[in-house]
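Trainee: Okay, here's the structure, questions in a sec.
The values are calculated or read from the model by the stated rules, or taken from the named source; none is laboratory data. Please read all numbers here as calculations on a predicted model, not as lab measurements. Ligands, DNA and RNA are excluded from the accessible area calculation, which covers all protein heavy atoms including side chains. Shrake-Rupley method; radii C 1.70, N 1.55, O 1.52, S 1.80 Å.
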Amino acid sequence: MRHITHILLTVAVALCGTAARSTPCMLPKATAAHFCRLLVCDGEGNISPISSYIRSHQTSPSDSLTQEQMFTTYVFNYDGWKTLRIFPHNAAGTVSWYAATDTLPAGMETEHRKYIREVFLHLLPEIEAANWQTVDAYIDRMLQYQTTFGAPQHPSTPSLWPAVAIIAILTLLLLTAFAKSSS
(Lines give C-alpha, C1' and ligand atoms only; values in the text may rest on other atoms or scores of the structure.)
Protein backbone atom coordinates (compact mmCIF):
# COMPACT_ATOMS: atom_id res chain seq x y z
CA MET A 1 0.00 0.00 0.00
CA ARG A 2 2.80 2.37 0.88
CA HIS A 3 4.43 1.58 -2.46
CA ILE A 4 1.23 2.47 -4.35
CA THR A 5 0.88 5.74 -2.43
CA HIS A 6 4.46 6.64 -3.30
CA ILE A 7 3.84 5.90 -7.00
CA LEU A 8 0.62 7.96 -7.03
CA LEU A 9 2.37 10.86 -5.31
CA THR A 10 5.23 10.71 -7.83
CA VAL A 11 2.77 10.68 -10.76
CA ALA A 12 0.80 13.59 -9.26
CA VAL A 13 3.97 15.68 -8.82
CA ALA A 14 5.06 14.86 -12.35
CA LEU A 15 1.67 15.82 -13.78
CA CYS A 16 1.58 19.06 -11.81
CA GLY A 17 5.06 19.92 -13.02
CA THR A 18 4.03 19.26 -16.61
CA ALA A 19 0.91 21.37 -16.22
CA ALA A 20 2.94 24.24 -14.81
CA ARG A 21 5.33 24.14 -17.77
CA SER A 22 2.51 23.88 -20.30
CA THR A 23 1.05 27.23 -19.29
CA PRO A 24 1.01 29.28 -22.48
CA CYS A 25 3.68 31.95 -22.78
CA MET A 26 2.18 35.36 -23.33
CA LEU A 27 4.22 37.98 -25.14
CA PRO A 28 3.99 41.55 -23.83
CA LYS A 29 1.83 43.82 -26.01
CA ALA A 30 4.81 45.67 -27.49
CA THR A 31 6.70 42.47 -28.35
CA ALA A 32 3.60 40.85 -29.87
CA ALA A 33 3.00 43.98 -31.97
CA HIS A 34 6.68 43.94 -33.00
CA PHE A 35 6.41 40.30 -34.14
CA CYS A 36 3.25 41.09 -36.09
CA ARG A 37 5.16 43.64 -38.20
CA LEU A 38 6.67 40.64 -40.02
CA LEU A 39 5.31 39.98 -43.48
CA VAL A 40 3.39 36.77 -44.11
CA CYS A 41 2.41 35.10 -47.37
CA ASP A 42 -1.10 33.67 -47.33
CA GLY A 43 -2.03 30.60 -49.35
CA GLU A 44 -2.97 32.77 -52.35
CA GLY A 45 0.38 34.52 -52.74
CA ASN A 46 -0.68 37.79 -51.07
CA ILE A 47 1.98 39.41 -48.87
CA SER A 48 0.97 41.58 -45.92
CA PRO A 49 2.09 42.38 -42.39
CA ILE A 50 0.84 39.78 -39.93
CA SER A 51 -1.04 42.52 -38.06
CA SER A 52 -3.09 43.36 -41.19
CA TYR A 53 -3.71 39.69 -41.86
CA ILE A 54 -4.99 38.92 -38.36
CA ARG A 55 -7.20 42.01 -38.29
CA SER A 56 -8.95 40.81 -41.43
CA HIS A 57 -9.21 37.15 -40.35
CA GLN A 58 -9.69 37.13 -36.57
CA THR A 59 -12.34 38.15 -34.16
CA SER A 60 -11.95 41.20 -31.99
CA PRO A 61 -9.43 41.25 -29.15
CA SER A 62 -10.43 40.00 -25.72
CA ASP A 63 -10.81 42.29 -22.75
CA SER A 64 -7.20 41.91 -21.68
CA LEU A 65 -5.36 40.70 -24.79
CA THR A 66 -4.67 42.36 -28.12
CA GLN A 67 -5.19 40.49 -31.38
CA GLU A 68 -1.40 40.36 -31.73
CA GLN A 69 -1.05 38.72 -28.31
CA MET A 70 -3.74 36.16 -29.14
CA PHE A 71 -2.08 35.37 -32.47
CA THR A 72 1.44 35.07 -31.02
CA THR A 73 0.12 32.80 -28.28
CA TYR A 74 -1.06 30.44 -31.02
CA VAL A 75 2.21 30.81 -32.96
CA PHE A 76 4.54 30.13 -30.05
CA ASN A 77 2.52 27.78 -27.86
CA TYR A 78 0.69 25.62 -30.35
CA ASP A 79 3.33 25.24 -33.07
CA GLY A 80 1.70 27.78 -35.39
CA TRP A 81 5.19 28.90 -36.40
CA LYS A 82 5.65 25.65 -38.31
CA THR A 83 3.26 26.74 -41.06
CA LEU A 84 3.80 30.50 -41.02
CA ARG A 85 5.23 31.51 -44.43
CA ILE A 86 7.44 34.40 -43.38
CA PHE A 87 10.77 33.45 -44.98
CA PRO A 88 11.34 34.83 -48.48
CA HIS A 89 13.73 33.32 -51.00
CA ASN A 90 14.69 35.12 -54.17
CA ALA A 91 15.60 32.89 -57.10
CA ALA A 92 16.23 34.52 -60.48
CA GLY A 93 14.18 37.59 -59.52
CA THR A 94 11.17 35.58 -58.31
CA VAL A 95 10.42 35.67 -54.60
CA SER A 96 8.82 32.63 -52.97
CA TRP A 97 7.84 32.47 -49.31
CA TYR A 98 8.43 29.48 -47.05
CA ALA A 99 7.54 28.25 -43.57
CA ALA A 100 10.12 26.65 -41.31
CA THR A 101 8.81 23.16 -42.08
CA ASP A 102 8.25 23.57 -45.84
CA THR A 103 10.31 21.67 -48.38
CA LEU A 104 12.96 24.18 -49.36
CA PRO A 105 14.35 24.45 -52.91
CA ALA A 106 17.45 22.39 -53.61
CA GLY A 107 19.25 25.48 -54.90
CA MET A 108 18.79 27.45 -51.67
CA GLU A 109 22.05 28.37 -49.97
CA THR A 110 22.96 26.39 -46.85
CA GLU A 111 22.99 29.42 -44.53
CA HIS A 112 19.45 30.34 -45.60
CA ARG A 113 18.22 26.78 -45.07
CA LYS A 114 19.78 26.71 -41.62
CA TYR A 115 18.32 30.09 -40.65
CA ILE A 116 14.79 29.16 -41.80
CA ARG A 117 14.91 25.79 -40.04
CA GLU A 118 16.45 27.00 -36.76
CA VAL A 119 15.46 30.58 -35.95
CA PHE A 120 12.24 29.58 -34.15
CA LEU A 121 14.04 26.77 -32.32
CA HIS A 122 16.36 29.44 -30.86
CA LEU A 123 13.59 31.98 -30.32
CA LEU A 124 11.20 29.71 -28.38
CA PRO A 125 13.49 29.19 -25.32
CA GLU A 126 14.02 32.96 -25.13
CA ILE A 127 10.25 33.48 -25.04
CA GLU A 128 9.83 30.79 -22.37
CA ALA A 129 12.55 32.52 -20.30
CA ALA A 130 10.85 35.92 -20.85
CA ASN A 131 14.06 37.42 -22.27
CA TRP A 132 12.12 40.13 -24.10
CA GLN A 133 15.14 42.13 -25.25
CA THR A 134 16.60 39.03 -26.86
CA VAL A 135 13.21 38.15 -28.37
CA ASP A 136 12.97 41.65 -29.86
CA ALA A 137 16.51 41.27 -31.25
CA TYR A 138 15.47 38.00 -32.96
CA ILE A 139 12.40 39.73 -34.41
CA ASP A 140 14.58 42.60 -35.67
CA ARG A 141 16.82 40.08 -37.45
CA MET A 142 13.77 38.38 -38.97
CA LEU A 143 12.50 41.75 -40.23
CA GLN A 144 15.95 42.47 -41.68
CA TYR A 145 15.99 39.04 -43.35
CA GLN A 146 12.63 39.80 -44.98
CA THR A 147 13.79 43.22 -46.12
CA THR A 148 17.02 41.85 -47.56
CA PHE A 149 15.68 38.75 -49.29
CA GLY A 150 11.99 39.50 -49.84
CA ALA A 151 12.19 42.21 -52.47
CA PRO A 152 12.27 41.08 -56.07
CA GLN A 153 15.53 41.96 -57.74
CA HIS A 154 15.00 44.09 -60.80
CA PRO A 155 17.61 44.56 -63.49
CA SER A 156 19.68 47.61 -62.72
CA THR A 157 18.25 50.74 -64.26
CA PRO A 158 20.56 53.00 -66.22
CA SER A 159 21.77 56.09 -64.46
CA LEU A 160 19.96 59.35 -65.18
CA TRP A 161 23.09 61.46 -64.76
CA PRO A 162 24.05 61.46 -68.47
CA ALA A 163 20.57 62.65 -69.45
CA VAL A 164 20.58 65.32 -66.73
CA ALA A 165 24.04 66.49 -67.82
CA ILE A 166 22.94 66.76 -71.49
CA ILE A 167 19.81 68.71 -70.54
CA ALA A 168 21.89 71.06 -68.35
CA ILE A 169 24.42 71.68 -71.17
CA LEU A 170 21.63 72.29 -73.71
CA THR A 171 19.93 74.68 -71.28
CA LEU A 172 23.19 76.62 -70.79
CA LEU A 173 23.75 76.77 -74.55
CA LEU A 174 20.21 78.04 -75.13
CA LEU A 175 20.55 80.63 -72.36
CA THR A 176 23.89 81.76 -73.75
CA ALA A 177 22.47 81.97 -77.29
CA PHE A 178 19.44 83.87 -75.98
CA ALA A 179 21.67 86.27 -74.01
CA LYS A 180 23.83 86.99 -77.11
CA SER A 181 20.80 87.58 -79.30
CA SER A 182 19.34 89.99 -76.71
CA SER A 183 22.48 92.11 -76.57
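Trainee: Quantify, in whole percent, the carbon and sulfur part of the accessible surface of the range 28-157 (1.4 Å probe; protein heavy atoms only).
Mentor: Whole-percent figure for carbon plus sulfur exposure: 52.
Trainee: When we measure straight from the Cα of LYS29, which lysines land under 24 angstrom away, once same-chain ones fewer than 8 places off are left out?
Mentor: Excluding near neighbours in sequence, the set is LYS82.
Trainee: Binned at 10 Å from 0, what are the whole-percent values of the Cα-Cα distance distribution for the range 84-143, short to long?
Mentor: The calculated distribution, bin by bin, is 21, 49, 24, 7, 0.
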